[in-house]
Amino acid sequence: MTLKALLWDVDGTLAETEDHGHRVAFNLAFKEAGLRWRWDSELYGDLLKVTGGKERLLAWLERVDPAAAAAPDAAARMTRLHERKTAIYVDLLTRRAVGFRPGVARLLDDAQAAGLRQAIATTTTPANVTQLIDVTLGGRGHRLFEIVGAGDAVPKKKPAPDIYRWVLERMRLAPHECLAIEDSRMGVEAAVAAGVPVLLVRSRYTGTATIPGTVGDLPSLEGVRLQQLRDWHAKAVQGSAAAA
């Protein structure tokens, strides 16, 4: 089966935005709101087990102040806090030089030149995706990605397969016609549950534990060529067909 599309995760996959981007923005939002919360790198890595910024804030509130988390307005309060965090993050991206991880830009360009379709499947807020694309690719970025599946486009975030199914439906593609590129266990599990072959590219917070179900497990995309992605995809599809 021919590879027709690449489906990209964003944070940690396209760019290392978690530790020096999102985490910093959360802490600045906490300080601005008068909250005595501070997420260091180790704690933030643990909190990334909860996908989605609003969901992460609610999980944190439940951990540090169960009574406040049980209040009727808890979700609304965390939503407002997350909105402010998003604004701070977008501003950080504007003021700081943020680049793609090694190998990403070349693969994006090579895939486009080869006629492969490309899309984004992420849990992050649409504004975050838009700003990252703008600062890294400029105006051509929005022509590069046919579909951007982000934020609350679906009710359940990764590791649920919903965002992949949402993207596939809009691209009118079957799962086996695509290759997902992810950096986290939850992202891999989402792709696998959707039936999409997935390549793991480890990032700052991936850790070293084995993550099953991938077509490959890499420290980065540096030096990786498009033909290698095609080969991994073909091997995965053939393996699935043989197991059926």
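The values are calculated or read from the model by the stated rules, or taken from the named source; none is laboratory data. Note that the structure is a prediction, hence the values are computed from the model and not measured. Here the Cβ is made from the backbone with ideal geometry for all residues, glycine too, and neighbour counts use every protein chain on show.
Quick notes on this one:
- Taking the stretch 68-107 as the range and being touching a residue at least 40 places away in the same chain (Cβ under 8 Å) and among the β-branched types (Val, Ile, Thr) as the test, the residues that pass are Thr86, Ile88, Val90, Thr94, Val98, Val104.
- Check on Gly21, at pLDDT below 95 and in contact with a strand residue (DSSP E or B) (Cβ under 9 Å, 6 or more places away or on another chain): yes
- Residue within the stretch 192-207 that is assigned by TED's automatic domain parsing to the domain that holds Gly12, of a type in the set (S, T, N, Q) and without any contact (Cβ under 8 Å) to a residue 40 or more places away in the chain present: no
- Residue count for the stretch 46-79, restricted to those that are β-branched (Val, Ile, Thr), within 21 Å of Val129 (Cβ to Cβ) and part of a helix (DSSP H, G or I): 1
- Of all residues making up the stretch 30-51, the number that are within 15 Å of Thr17 (Cβ to Cβ) and either in contact (Cβ under 8 Å) with a residue 24 or more places away in the chain or basic (Lys, Arg) (or both): 4
- As a summary of the residue check, Cys178 satisfies the conditions (1) surrounded by fewer than 24 Cβ atoms within 10 Å (Cβ to Cβ); (2) closer than 16 Å to Leu7 by Cα; (3) out of contact with any Phe, Trp or Tyr (no Cβ under 8 Å at 6 or more places or on another chain); (4) not small (Gly, Ala, Ser) except for the one numbered (1).
- Index of the failed condition, Ala105 passing every other in (1) in contact with an Asp or Glu (Cβ under 9 Å, 6 or more places away or on another chain); (2) outside any loop (DSSP other than H, G, I, E, B); (3) within 30 Å of Lys235 (Cα to Cα): (1)
- Only one of the listed residues (Leu137, Leu199, Leu132) is at pLDDT 95 or above and among the aliphatic types (A, V, I, L, M). That residue is Leu199.
- Check on Leu43, in contact with an Asp or Glu (Cβ under 8 Å, 6 or more places away or on another chain) and not aromatic (Phe, Trp, Tyr): no
- Within the stretch 1-29, the only residue that satisfies the criterion of being polar (S, T, N, Q) and without any contact (Cβ under 8 Å) to a residue 24 or more places away in the chain is Asn27.
- Matching residues, the stretch 108-160, being among the charged types (D, E, K, R), assigned to a loop (DSSP other than H, G, I, E, B) and in contact (Cβ under 8 Å) with a residue 24 or more places away in the chain: Glu146, Lys157, Lys158
- The residues of the stretch 26-49 that are in contact with a Phe, Trp or Tyr (Cβ under 8 Å, 6 or more places away or on another chain) and closer than 16 Å to Pro159 by Cα, listed by number, are Leu47, Leu48.
- Inspection of the stretch 8-28 finds a residue satisfying the criterion of being farther than 18 Å from Leu92 by Cα, in a loop (DSSP other than H, G, I, E, B) and of a type in the set (D, E, K, R).
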